[in-house]
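Take a look at the structure below.
The values are calculated or read from the model by the stated rules, or taken from the named source; none is laboratory data. Since we're looking at a predicted model, the values are computed, not measured. FYI the Cβ positions are ideal-geometry reconstructions off the backbone, even for glycines, and counts take in every protein chain you see. Please note that ligands, DNA and RNA were not included when accessible areas were found on the heavy atoms of the full protein model with its side chains. Shrake-Rupley method; radii C 1.70, N 1.55, O 1.52, S 1.80 Å.
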Amino acid sequence: MALSIGRYTLVLGVLPDVPTAEAVREAVRRYRNQCVVARSHLNPDQSIDMQLILVGPRGSAADSDWLALALSIERDDRVARKLVWLLPDTPEEDGESYDQFIKRTFLAKPWSEPDQLGNQALDKLSDANVKVDGLSHSLVDEWKRIALDQEKTPDEIVEALVKAWEVRDLI
């Protein structure tokens, strides 16, 4: 099944009942092929945000084999981002499990009320004194100086890096 929510195109599927690498690999291959077909009908902006959401069988959330397979599936970002929701043992646990799963998706709401965020700057990337990665030039230079100090022990280096971070606005 596929659907669009805003700019996101989702392909939804169900994983096999048994956590064997071969069965899961074959199922994921078929879903990935469906994503390729779906992408051919999307414009480039839509295809970038395509996601493949797969649901594991009942009880898979507590199974170490399923956990390993789910991580393997999610690491493969070819064609589409992949997310796996492993179901808990009982339907009564589905609500909490779903809430945990949804926090990893574009549907997550990191704040409950829009007004809580206010007009705070979310980053300093437009600041001329900030490098592309969001760290000030002076902090990067200080970290480099600390890391290359051959007279410091590893513990002293870590402590100095943390201290530099804590006083970053003063550097």
Candidate set: the range 32-41, residues that are among the aliphatic types (A, V, I, L, M) and under 17 Å from ASP77 (Cβ atoms); chosen: the one least open to solvent (accessible area, probe 1.4 Å): ALA38
Only one of these conditions is not met by PHE106: (1) more than 21 Å from PRO16 (Cβ to Cβ); (2) in contact with a helix residue (DSSP H, G or I) (Cβ under 6 Å, 6 or more places away or on another chain); (3) aromatic (Phe, Trp, Tyr). Which number is it? (2)
Please go through the range 33-61 and give me each residue that is within 26 Å of ASP94 (Cα to Cα) and charged (D, E, K, R), ordered by number. ARG58
What tally of residues in the range 83-104 results from selecting those that are within 13 Å of SER60 (Cα to Cα) and open to solvent by 40 Å² or more (accessible area, probe 1.4 Å)? 5
Tally, over the range 40-55, of residues that are among the charged types (D, E, K, R) and in contact (Cβ under 8 Å) with a residue 40 or more places away in the chain: 1
List the pairs whose first member sits in the range 12-39 and is over 14 Å from LEU86 (Cβ atoms), whose second member is open to solvent by 50 Å² or more (accessible area, probe 1.4 Å) and among the charged types (D, E, K, R), and whose Cβ atoms are under 7 Å apart, counting only residues at least 6 apart or on separate chains? ARG32/ARG78
Here's a check for you: in the range 128-147, which residue that is modelled with pLDDT under 80 and of a type in the set (S, T, N, Q) is nearest to VAL162 (Cα to Cα)? SER136
The range 58-72, residues that are crowded, with 16+ Cβ neighbours inside 10 Å and closer than 18 Å to ALA21 by Cβ: SER60, ASP63, TRP66, LEU67, LEU69, ALA70
Among the candidates ASP89, ASP94, ASP99, which residue alone is at pLDDT 65 or above, closer than 27 Å to ASP17 by Cα and outside any helix (DSSP H, G or I)? ASP89
